[in-house]
Ligand SMILES: [Zn+2]
């Protein structure tokens, strides 16, 4: 049975899902990523004599916003939750890279019209290409690569992959696929099968929303805790209802205004581009228990704001005390006079070697 590996350009797919919505005539069409590998395998099987394939792995490459305006925090957290879901529930291999927004809003429409800033995605296509070729060189890793892409940039890597004796299938979206990849005569020699159009698989790929009742676990929740939702919280994550999430956003902005902007002197011009997305160690120096946030200080004297929704699974806001040593990722960089913001805050892990020294 041929072994199949899937390689998905997650960023491309994310930005082109609206085309699928249009094709399907449904505004909020969303792909069910739990079904995607099986649906693609099923389509591929029709072109194979034995009619069987074994999907050994699914890779998704994408990016997430970092160092952005906190008004967009909810959207960013949902995106990161989505990547976690792919890993935990569907066993995808997910490789994501931060995009530095330099303190700005995510959507161009929300930014200053005179602002020429363009977010720069890093590493994603090269990571996909490297992985595709690396696995092609690992003996017996796969026989057929199914690549979910649309960009002409992938042409050389697909050609090299085939030179290593692998077969390539391309799945793409009409109107978002370069002619070199979709060419039925395949003059560029990039594929071994007819192109698979996701547009033609929409009923099978559609994510069906299931309404269910969950308990909102927010400390500021008002009224009955049971609410109807289509949202599935990730393992170990708490569920917060939409109203509470909106309230959290307001809280964060107020806290930022009150405690952070008070020190602001130089504005965002002072933000630097390094370190976003990397992990730091710090000490919780202030906690405002009733208001659901606090600050972490790092060795260089910089401060990072965190909200209870910025804690990683396994760390409860109640357990966070002043003096607790934590690991965290930078959500927003600090400037000289302005605190940054932290994300994925978790108990500091002592490295094995350090434990023995102590
Ligand atoms: Zn609530």
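Computed quantities for the displayed model
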item	result
Sole exception among (1) at pLDDT below 90; (2) in contact with a strand residue (DSSP E or B) (Cβ under 9 Å, 6 or more places away or on another chain); (3) loosely packed, with under 12 Cβ neighbours inside 10 Å for residue 235, by number	(2)
Residues being surrounded by fewer than 17 Cβ atoms within 10 Å (Cβ to Cβ) and touching a strand residue (DSSP E or B) at 6+ places or on another chain (Cβ under 6 Å) - total across segment 175-194	1
Answer residue from segment 206-251, given it is assigned to a helix (DSSP H, G or I) and touching a helix residue (DSSP H, G or I) at 6+ places or on another chain (Cβ under 6 Å) and is nearest to the ligand (Cβ to nearest atom) among those	245
Residues of segment 215-228 that turn out to be in contact with a strand residue (DSSP E or B) (Cβ under 9 Å, 6 or more places away or on another chain) and crowded, with 17+ Cβ neighbours inside 10 Å, as a count	2
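The values are calculated or read from the model by the stated rules, or taken from the named source; none is laboratory data. From a predicted model like this one, the values you see are computed outputs, not experimental measurements. A quick note on method: Cβ atoms are made from the backbone with ideal geometry, for glycine too, and the neighbour counts reach across all protein chains shown.
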